[in-house]
Every structure is written in structure tokens, then in C-alpha cells.
1. At a 1.4 Å probe radius, which order do A:Arg136, A:Arg94, A:Arg568 fall into by accessible area, largest first?
2. A:Asp337's amide H: which non-local residues (gap 5+, or another chain) put their own amide H closer than 5 Å, with H modeled 1.01 Å from N in plane and none for Pro or chain starts?
3. Keeping the other protein chains in place, figure out the carbon and sulfur percent of the accessible area of region A:310-512, with a 1.4 Å probe.
4. Among A:34-44, A:548-558, how do they line up from the highest to the lowest mean number of other beta-carbon atoms within 10 Å?
5. Note the full-extension length gain between A:Thr212 and A:Lys885 as 0.36 nm times their separation in residues minus their Cα-Cα distance, in nm to one decimal.
6. So for each of A:208-214, A:949-955 I average, over its residues, the number of other beta carbons within 10 Å; can you give me the resulting order with the highest mean first?
7. Of all alpha-carbon pairs in region A:998-1058, indicate the percentage at a distance above 18 angstrom.
8. By how many nm would the segment from A:Asp230 to A:Thr1046 grow when fully extended, if each residue of separation counts as 0.36 nm and the alpha-carbon distance is taken off?
Amino acid sequence: MSSCGLQRFKFNHCCKHTIFAPYNAMIMKHYDHVAVEKKWQDYWAKNKTFKAVNHSDKPKFYALDMFPYPSGAGLHVGHPLGYIASDIVSRYKRHKGFNVLHPMGYDSFGLPAEQYAIQTGQHPAITTKENIARYREQMDRIGFSFDWDREVRTSSPDYYKYTQEIFIMLFESWYDKDEDRARPIEELVVRFRESGTTTINAATDEDLREFTAVEWNAFTEKEQQEILLDYRLTFLADTEVNWCPALGTVLANDEIVNGVSERGGHPVVRKKMRQWMMRISAFAERLLNDLEDLDWSDSIKEIQRNWIGKSVGAMVSFKLEKASSPLERIEERLKIDVFTTRPDTIYGVTFMTLAPEHELVDQITTDAQRDAVEAYKKATAARSERERMADVKTISGVFTGAYATHPLSGEPVPVWIGDYVLAGYGTGAVMAVPCGDERDHAFANYFAGQDGMPAIKNIFDGVDISEEAYTAKDNTPICNSDFLNGLSYKEAMKVAIEKLEEIGAGKGKTNYRLRDAVFSRQRYWGEPFPVYYKDGLPQMIDRKHLPIELPEVDEYLPTEDGAPPLGRATTWSWCTMENKVVSNDDDRDCVYPLELNTMPGWAGSSWYMFRYMDANNENEMFSKEAQEYWQNVDLYIGGSEHATGHLLYSRFWVKLLHDLGKVTVKEPFQKMINQGMILGESGYVKITTPYLTESNSAGFSRYSQGLRSFISEDLEIKNEDYKDLELENRYIASVINNWKPVNNHQHLSDNMGSHSLPTRVINNLKYSVEDFINDFKGNITFKDRIIPVSIEFIGHKNILDEEGFKRSHLDSEKFEIIRNENGDFKVSREVEKMSKSKFNVVNPDDICEQYGADTLRLYEMFLGPLEQAKPWNTAGITGVYGFMKKLWKLYHNDNGFSVSEDKASPDSMKTLHKTIKKVQDDIENFSFNTSVSSFMIAVNELTAQKCNGREVLEPLAILVSPYAPHIAEELWSLLGHKESISEAPFPVFDEKHLVESSKKYPISFNGKMKFTLDLPVDATKDELEKLVLSNDKVQQQLEKKTVRKTIVVPGKIVNFVIS
RNA sequence: GCUCGAGUGGUGGAAUUGGUAGACACGUUGGACUUAAAAUCCAAUGGGUAGUAAUGCCCGUACGGGUUCAAGUCCCGUCUCGAGUACCA
């Protein structure tokens, strides 16, 4: 928005109304949104109108928005979309007699503030505070019914002390698979003491050591702690992580898109680091199952299901064959474990493939194959993750020379390595069944005939697998499979697993794609861990000493030796005597180093919905009573981009809190709506740049850039077209280095430096391209590209406001505009995500200023269904603003406020009750756009009816109030009410006002509607038919026709089938 | 590639369980008011076609079929767009 646009508006505004007149409702004839909105925003703030109470006889309703990250850019019109929707529901529920909790806060830890700090030295806390102030100001202008007394900020120590506490709770818990819940670690210690690992079925890494009670009791304290670390729900592990060198931190899987960082698009590499991990995998099954009962969109549920990635199958062990392997040192015990979802196809195993990184590869490779294997491993390691992902077509692999023994048939199975097997999934090894798996099939065919690649074993009766694998599971006719022959898929699965278990070669197993989550970030601006290290073992700081506040650092960068930014803090050690953070120089024995990592962004947002319930509790994260009253969120509104991050992690934490008895609910968000993104409309100007190449006789050539031209979007400049254009006023000789146009010899030679080629300066010469080519032995080519242009300079039919464009985009740069044959300069438009660099960000403040918050609220809803992505286009806003004015007028005449006490007409009552029903149904179904339409219809009808009766206008104000609360409050007070409208009971729909004596029936012939007839609404089928047939128009249609059939549906339609 | 979702005027979008397609709004055109502009109000507005007109006829919900008295809505196939996911054994 240009400031001059605003100025102009203000001017108009003042002309229309009394300038500087003190606001007085009774003399205000015209709708003045500025005065009305200011008045009521102040009123709400002063009276704390929307303060929710934790004890009430009313039913509760908890509406929550995904809280924003307060970025420096402020809110744009896309942000409030969801807030407006939840605000409408909240206000509606208050009218309906609910005690409503509708809070707002800030997810205020995060990268942008930190990066700004790195650049400017400004403490992120200061930036964050400023940004929050701006967000608050913007939100206040829109008139949300938030209970601001419950605001939370994740970066506030008052808040993050409890985030730290939850971390401690995770550390002090283990997962009991028998009872399928998290339990306190002390209970595990008791059981270890009594019976060792024998009775324990815990969620841990594979292959943990087992021990007896006697052994446990004999372990040292340190050994015991080390063992317990393997059981805790948050634990330290050396894992391959996604390290982003540019950001200097690790990233979670969901923070990586297409192999580069989601934020900034920086490359990501694999790196082994010691990190805090969250054992979310223990909860995989519950996270999957509990999706069922959630009222979420299918697509989000599906995304989570895929992310969790459950697959049911079996673990199968293949022993390495000593006899068949030329290598003597392969021990009999050596085996390869594989995970398969198709144990029914076990007799189809033709070979095995290991991931190149698999730990057994080196041990089993024969001397003959060693060079090839080494070379392959090297080649794979050199390929980046991104390359491997991008290139899924190329088949590659190497035979190790080793053979394993088929556990059932006893036949030798060659062992290969190939990068289509991922080290990180399952066991990093597969049993390859080419007849039943596409990838195995492709691999087998690619290496067919080579040493170690036998013919494909086909176990499907009568199925031709020479071209492709048979992957269907139904009606699988299994053959050549001994005891599995003839069994169905399901039976064969079951029988095969039983047999494998019986002979000790495998067992049924369910695998999940969901990995344990990395919880450490090498950042400054995040929650510090409440952890210090003693003898290399992590120790939790007692809860009563929380919060552990972020230390001051001189710079927000990693240290020289690569430690995270907290490594720069000089006061960052823990004294176990004083129980406080002390200087690193303190060399007492009781002082230990503190953890240098901080928590990731999702830590604070994983439990904030509970903090709102009791936001100012200084003794605990929230009281039991508060949580029991509010339960969980009834309506959660936010973007779908958090499907695999926030929405999964918060479900995980809630399950933990539930298991530990901290909350009564299993899920945080019962009903969720994902609002669609509001897209910005950006404009693009096409630029064509001539590149001129000159060459001398010695064969040297120089490349010059001619003056760039802006060309109308509908023109396509080709080389041959351009030949007709003269090079008038172009400075075609230019500087090698930075292509600056130059216009004199001196300047040119300065820039040319030691270049040996003769320089040609064409200074304001008229040269056709042809002449240029002839005279200079030059060549000319053109390149087109587009640059974004602010949408405010794009007029009707995409014609550019050239002056404005020049002023704001080009400074004093010289350029030429090439217009189309009509003399217009056209630009292209694109609808895309709002971003600063595209000049397409629309700020809600300007709309509030010009049209008011009520209009903004209505308009955002009017744009279309909430869940749908839609472009922002201010063009239509005048229609909504017009509606506001018409609404105002219903309550006013030329002399000011005027409402009659007379009985309203039946028509007006009908309009009112029709609208009550529609609006109520719409809000319950979250169809906000259609409500706005029905308001418009109602106001249009009432205006036409000249209705100004209190009987209608009073309930109408309440109907409108959730959508346009300011005007509703004003009208309500003009109607004589002393209290806020916010808790006025919602009008009750009464069907009797809609009852009519007749209905317009559509009369159709062969299914095509010809006209309508007014018919009595209570007429029976037969009566209707008689009435219709007696009608002249109907008879006209039926002339010379035979009625084959008559369909009469009372209340709906009459249809004649004629011929 | 796979999974999910969506295709309706110039535009955003309406349309209960199949029952008057295009509500409402923008835009456009014409008109009223005005010295003029803005604002406001009125009228027309899916396409085609016949008629001076009232009015009528035909075609229309991405495309091709089908079910039905009746299909934007249900079924089958195709295309396009969007989102998610990416060798998951």
C-alpha cells in the first residue's frame, strides 16, 4: 500500500464527516468505523470482557489458534484468517452460553531472531520483544476476543522452566511395552534390583545387554546409570544427524525438504554427533491408533500415518555359509538379519542385498570381490543424500562373494550390496524376492548372468514374472514353497512366521518408519537443558532450581572449536552445593559443566495448550483442577504445514503427560481445521538483455552486455525480430567485470584494465543490429528473465504504471521500455505465497485503517472456504464495506439512530429467522463464507422491506456480532443496552416464521425445468398432480405429446416424462 | 512413481440426503444524482440464437461414457492442477 493512497483516503474521510468533532453516537449518522472500533477495543480491554474463568457452571469451550512466531515482518493478511475463524466460533459459543477459553501467545524461540542477532549483535530477546509488541498491536486492531491475561511466550523463563521440567520428566521415564505406557524410571530400578532384565519388556534400542538381579546389584553406580540411559525416554546417543553447516546446527527430518534445509535452502550433510534424543518411536503404535478418534482432515491423518510408517512382517536371520564362502574366517555364528513384510514369499529369495554401510560388509567380502566392494562403498559415500534421492532410476550394486544359507530350504543365497537398501531402515539388509518386488526384480535383471546372480526363483503359480514382478497380495497362488504351497497371503504369512519362530530363524515383527527425534540444537535462542555433566554422565538439575536461564554470550555464533554458542558463556557451570549457575572459572569440586545445546523449536509448542489453562500459575505448569475443567482443545485452527512436526510431537508429549498422570486426556487437539494459505498476487516484468560478442582476428572474443530492456509481457523477442530494432541510445560496449553501462572512453578504459582487445564504444549511436554485426564482426544474443514488481503498479488488464515502477524499482538506472503494438506495457501475474521479496505482502493494518476491522474480518471470511488456499485480492472488499454501511443504515435514518418499537412484518421475521438458521448451521459447520453472504441477503431484504423494527434489528445485531463485533456492540448500545453484546443469548430459531402457504414448484419436462408454479405447500401428491395438469402452461407443453410418466415429489419438484 | 484433494461465468465463489446451476460479491456496461469527481442509488450481465417486443429455443459445471424420470452432485475411464511423500524391504 502506498502512503499516498492512505492520505487520499483520510482526506475523503474528513470531508465526509465532521472534522475533529467529538465522537457522539447519537449524532453519528454515517458509519464511522474508526471511531466505533477504537471505542469498543478500548472497552473490551478495560473491562476484560473476554476473561475466561476456570470455575463455571457453564459448559466449557476451548478454541485455540496455532500461536505465531513473532517475525520482524509483522502480520500479513494471511495470519489473521484462522484467528478470525476461531474468534467467530468463540464469540458464537459465548452467545450460546459457553465458558470460552480463547487465548493467544507467541512461539518466540527460533532461528530468525538469532540470525538477526548474529548480524547485528542485538540480543534476540530484545528483537523478540519488539516483534511481539508489533504483533500485539496488529492483533488488537482486528478486535479478537482473546483473553490476554493468559498470554504465554515460550522464550519467557516463567514458561520454559516447565518445558525444562517436562524434559526432566522424560529423562526420568521409561517405556513399558507390556503395559504400553511410560512409567517412572524408579520403578524400573526396583525391578532391575529384584529380577534384572528378565521380566522387562521396554522400548529401547535393539540388542541391549541382559543381566540378572545379582549382576545389577554388583554394577557400580556409573555402570547402572549408563544402563539406565538406554531406557530413558530422552537419552544421549551418537547418531547420524542432518548437519547443516550453513546454519551451524542439526536439523530434524521434518526440517529438511528435498535434501536442503527448510529454512534458507542450505545443503545438509550426514554427521555423527552425540545428541539428546526423544524416544517417540515407543509411542508409534498409539500415535497411529489414536488418530482414529480425532476429528482432523483425512489428509493430515494420512500424512501422519505415512510418517509413522507402520509395516507388519518378520525378522528373518540368514546364517552366513561357511562352506560356500571362500573365506575361512567367517564364523559359524555370523548372520544377517533382515526385515520383511512378505515372509510368505521366503521361498522366492534369490539373493540378499545389504546397504553399503552395513557393518558386516567388510567381514564377509571375499578377497576376489574386495576391490570392487571398496570402490562401490567409496562411490556411494561420495554421493550426497540429495543425489541419491534425486537419482532413483540408476541401478547399482556389487557382489560381495559371500553366500548365506536360506533358513528353510538350506540353499546358498548370494549376498550383494546396493545403495537401494537404506542403512537407516529396518536392519539395513533385505532378502531379495525378485518375483514379488519391483526393486529386487530390477536389480536381478540388471545383474542377470553375472557371477553371484542366479536365475529368479518364481514362487507364483502361473504368473509370468519375466517382465515385471507380481506384487499383488490377493489370491496369490504360491508354489515351489514347500509347506506354504497353495496358502493365501494371510495364511502363508502366519504359517511362515510360526515356522521361522519354531526353528529359531526369525520372529514376527512390526517396524515403524518413525525415527527417534533429535532434540539437541546447536543454537543460542532456545530452551537451555537443565543438565550438567559429571564424569561424562548427564545429571538432571532438581526441578526446584528451575528455570535454568539462558546465559549471556558475547556473540551468537559457535565457538572456534565448533562448540555451540552457549560454549561462549563464561558463567555456565553448575554448582551442586549452591545449586546455581556459576562461573566457569570456579574450580571447586562441586562445579560441573552445563549442557551447551539448546532445545528445538517444537519443545515449547508441544505443551503450550495446557499452560493457557492456568497460565499464571507460579507453582506448577498448570493445576490439576484447571486441566480437568478444560480437558483439551475443542477446536484447533492452524496451517497444515505442521502435520509432521508440531502436531506429532505435541501428541507424543501429551501421551507422556497422560501416562505420568499429569493430564487426563490422551490427545491435545480433538477437532482441527487447517486454514488455507492466503496467497499474494505478484507481478513480474520481463527483461530482455542483449549479449554482444565481439571477436578479433586472433580468435579472442569479448562478451558484453547491452542495455537491458523491459519488454511487454505479450511480446516475444527473438533474435531475428530484434534485428530491426536500432541500438539507438544504447551503451553496448560495457565493462567486463560488472557490466555497468559506460558512456565515454575514459571511463571505459579505467574499467577495462589490461584487456588487450580493442575497445569499441558506441555512444548514443544509431546502430541496427545488422550494422553492428557487419561493422564489428559481432554477434548478438538475447536472454529473457522476469523480476518481481510491486502489485500496486499493475493496473487494469495487467498494464504497468511505468512512472511508479521507475520510481520505486529502478532508482536512476537507465533502461528502455518496449511496448506492444497498442502502446501498452504488460506484465505477468503470478499467485503465490506472500513474501517480502515478491512485493506481494498485504498488511492488515492498512485494511483496518481504510475499511475497518469488521470489514477485514468479514472479507477474509467471504473470500471462500476456510480450508482452501486463495489469492488475496482487495478488489472485492468494497462490496463488504458497502454491506457494513447498509447494515448501519438499517438502524439509522437521516437524523441519526432510529429504531421502531412496532411489530415487524411477517416478511421481516421470515428474513430474520432464515438468517438465524443459516448462520447457526454455518458456524457449526465452519462454513463462514456462506454466512457472510446470508448477512448480505438479509440486509438487502430488510432494506427493501424498509424494516427498522427492534424485534428484528436487535437479534440481527447478535447474529452479526461474532463476525463484526465492533459494529454489533455499537448498535447494541444504541439499542439501549448497558452491557456488552458478547454474552447476549443467541437468537432462537423459530420455524413458524418460515412456514408459507404456497411453494414455488419447479415444473420440468423430461428433466428440464421450464417454469415454476405456486402450489399449496400442504397439497398431497395426487392434488399436486391434478393442480399442475389443470394449468394452462402445462397443457401448452403437453400438446401433441404423450405423458409417459409423471413424477411428483411433494416439496421438491414435478416432472413429466413426455414423448 | 505412489497417496490424497480439486476442476462451476471475466473474477472470488453458492447450490441440504441426486430435484429451479451460477446465490452473494467483485468486475463490466448503461442510466439517475452532480458544474465535475467521489460516494450513493437503479438496471443489465454464462454462451449462442430467433423476434420490434413480450418471449422462446439450443448449448452449458475439465473431457468421454454410464446409472436415473432427473446428475455439478452417484459409477467407470481420461486429462489438468494442487498438496504430501519419495528406493521403507
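The values are calculated or read from the model by the stated rules, or taken from the named source; none is laboratory data. Predicted, not measured: the structure shown is a model, and the values here were computed from it. A quick note on method: Cβ atoms are made from the backbone with ideal geometry, for glycine too, and the neighbour counts reach across all protein chains shown. Heavy atoms of the whole protein, side chains included, go into the accessibility calculation; ligands, DNA and RNA do not. Shrake-Rupley method; radii C 1.70, N 1.55, O 1.52, S 1.80 Å.
1. Largest accessible area first, the residues go A:Arg136, A:Arg568, A:Arg94.
2. Residues meeting the amide H criterion: A:Phe318.
3. 49
4. Most protected by this proxy first, the peptides run A:34-44, A:548-558.
5. Stretched fully, the A:Thr212-A:Lys885 segment lengthens by 234.2 nm.
6. Values: A:208-214: 12.0, A:949-955: 20.0.
Output ranking for A:208-214, A:949-955: A:949-955, A:208-214.
7. When every Cα pair of region A:998-1058 is considered, 22 percent fall beyond 18 Å.
8. Values: separation 816, 0.36 × 816 = 293.76 nm, distance 7.74 nm.
Contour length minus Cα-Cα distance gives 286.0 nm.
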